[in-house]
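Worksheet: one structure, shown below.
The values are calculated or read from the model by the stated rules, or taken from the named source; none is laboratory data. A quick note: this is a predicted structure, and the numbers were derived from the prediction, not measured. With ideal geometry, Cβ positions are generated from the backbone for all residues, glycine too; neighbour counts draw on all protein chains shown. Each accessible area value is taken on the protein alone, full model and side chains, heavy atoms only, with ligands, DNA and RNA left out. Shrake-Rupley method; radii C 1.70, N 1.55, O 1.52, S 1.80 Å.
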2 protein chains.
Amino acid sequence: MDERQALSSFAALSQETRLAIVRALVVAGPEGLAAGVIAERMGVSATNVSFHLKELERSGLISQRRESRSIIYSASYDALAGLVKFLMEDCCAGHPAIRENVEKSDGCCSPDDEVASA
Amino acid sequence: MDERQALSSFAALSQETRLAIVRALVVAGPEGLAAGVIAERMGVSATNVSFHLKELERSGLISQRRESRSIIYSASYDALAGLVKFLMEDCCAGHPAIRENVEKSDGCCSPDDEVASA
DNA sequence: CCAATAATTCAAGGAATATTGAACTATGGA
DNA sequence: TCCATAGTTCAATATTCCTTGAATTATTGG
């Protein structure tokens, strides 16, 4: 992930609706969600969700595919992982202690926990 | 780190000058850098750097202290670590594989490498 | 106290983003 | 073919963000 991409990703994630969309898509997994479903869940208009989805796609955080009448969006795990890495590298540049801090207090998921489901 | 803080942090990091400032401050360490030094390094006016520093402080990513005539800014490692964690949790919410991916390809710094310098 | 240094705040203009409704495109079924 | 469904694109407006120069505040040295 180069700086331009990171800047664009941060911008994409700095908007409430878009952050919520990314979260929903990450939870949804590779199957993704149709634009209409996303709009409904977020409580925004079709026009508006379309605008935000385009922004997210432009930054590379999500991708789309057509499936019959629907357009299905899904999270780009590579891009998300790349962004985390970018942030970590910036942190570590100064003080490795941060990295430790992140890993120690990680209440998210342990590496060997649910890997079977991937 | 709650959502509001994350949104604000992403917004702060989505601007070229501000991202460069954070990087410089992370490298500078706890001693930090004076506003004037930052302005000079970034090649922007005093007014402009002041604006961006205020934005960064508002989001909690940096903090300031006065030292004689200068105002010294330094990175908030806690906030940065919190942001990394926030992102990781969003990732992991869907697929733990991402976390593995981040850790595997991390060419940044190993936990027991430079910790002595902290 | 006065001048110099270091920075911030204010106000104004310009640029980029976000929101909305109307018009348009693509797909699938009767 | 015609219609309904699912989305997008367009154009206009509103809002927020960025930049700049001028004025202001805080600190130190003479």
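What is the spin-label model distance, in nm, from residue B:71 to residue A:63 if the labels are put 7 Å beyond Cα along the C-beta direction? So the label points at residue B:71 and residue A:63 sit 4.6 nm apart. A 1.4 Å probe, protein heavy atoms only, puts the accessible area of residue A:65 near 90 Å². Interface area, chains A and B: about 4600 Å² of buried accessible surface, summed, with a 1.4 Å probe and ligands, DNA and RNA left out. Sorted largest first by accessible area at a 1.4 angstrom probe radius, with every protein chain in place, the residues A:49, B:37 fall in the order B:37, A:49. Set the Cα radius of gyration of region A:3-77 against 2.2 N^0.38 Å, with N its number of residues, and you get 1.00. Label positions at residue A:34 and residue A:4, each projected 7 Å from the Cα along the C-beta direction, are separated by 3.6 nm.
Here residue A:47 sits with roughly 110 square angstrom of accessible surface, probe radius 1.4 Å. Each copy carries a label point for residue B:34 at 7 Å from Cα along the beta-carbon vector; from one copy to the others these points are 6.3 nm apart, nearest first.
With a 1.4 Å probe and all protein chains left in place, how much of the accessible area of region A:33-92 comes from carbon and sulfur atoms, in whole percent? Ligands and nucleic acids excluded, carbon and sulfur give 46 percent.
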